[in-house]
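Comments concern the structure below.
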Amino acid sequence: MRFYHGSREDGLKILSLEKSKDGNIYMTNDYATSLMYAGNGFRSWEFHEDENKLYIVERCEDMVKKLYGGRKCYIYTTEDVEDYEIITQKPTNKKAYIVKHDVKLVEKETIDDAYQKIMKLYSQGKIGIRFWKDMPKERQDRLTKSIKEHFNRETMEKERHISEETYNSIVKLFPYLALDEKDK
């Protein structure tokens, strides 16, 4: 089976275990999922099995545009891979797979603006978006609370796997996260 791999890195020819942080190569059989990882990597989506469709869930106003607007990225297609394992730890990863060996890449698509590509997929019905502006106030409040709990300063100090770039983009979206507890 061929898979997609989304990246912000141009010129990849192979997905190498040598560069892997955890001994796995990650791929997906869902184009939209690869775009989400390539465009920003901020996991704010859910996969709906009954519709076989990925949904982005905005966690603040205009989140999709803020996260993905103007981002150049690449969607790679792998060679045929046979010995893959599905990732089952999280419901949002039902379209994600791993292998424990290098994988050759055979095609590359350049995406000049990830937001524009997302909106094109949305207009074609290939991806869903739960827009912040359309959510009831109670859901907005729950999402804000979950962001505060997950991305607090203490958590960020412990979870080094979140890149500085990703953390800065999160703080840009949710400025209250940059405040010390005494400033809140």
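Observations
- Taking first residues from the stretch 118-133 that are among the hydroxyl-bearing types (Ser, Thr, Tyr) and partners that are not in a helix (DSSP H, G or I), the Cβ contacts under 8 Å between residues at least 6 apart in sequence or on separate chains come to Tyr122/Gly128; Tyr122/Ile129.
- Among (1) under 22 Å from Asn24 (Cα atoms); (2) open to solvent by 50 Å² or more (accessible area, probe 1.4 Å); (3) at pLDDT 90 or above - the single one Thr88 does not satisfy: (3)
- Counting only strands (runs of 3 or more DSSP E) that sit wholly inside the stretch 10-65, those with at least 3 residues that are surrounded by 20 or more Cβ atoms within 10 Å (Cβ to Cβ) are 25-28.
- Test for Lys108: is it open to solvent by 60 Å² or more (accessible area, probe 1.4 Å), outside any loop (DSSP other than H, G, I, E, B), modelled with pLDDT of 90 or more and touching a strand residue (DSSP E or B) at 6+ places or on another chain (Cβ under 6 Å): yes
- Checking Glu149, Glu154, Glu165 one by one, the residue that is over 19 Å from Ile56 (Cα atoms), open to solvent by 40 Å² or more (accessible area, probe 1.4 Å), at pLDDT 75 or above and in a helix (DSSP H, G or I) is Glu149 and no other.
- The one condition in (1) assigned to a helix (DSSP H, G or I); (2) at pLDDT below 75 that Arg160 fails to fulfil: (1)
- Flag if Tyr122 is open to solvent by 50 Å² or more (accessible area, probe 1.4 Å), modelled with pLDDT of 75 or more and among the aromatic types (Phe, Trp, Tyr): yes
The values are calculated or read from the model by the stated rules, or taken from the named source; none is laboratory data. Keep in mind it's a predicted model, so treat the numbers as computed, not measured. Counting neighbours? That spans all protein chains shown, and the Cβs are built from the backbone with ideal geometry, glycine included. Ligands, DNA and RNA are stripped out before the accessible areas are found, and what is left, the full protein with its side chains, is counted by its heavy atoms. Shrake-Rupley method; radii C 1.70, N 1.55, O 1.52, S 1.80 Å.
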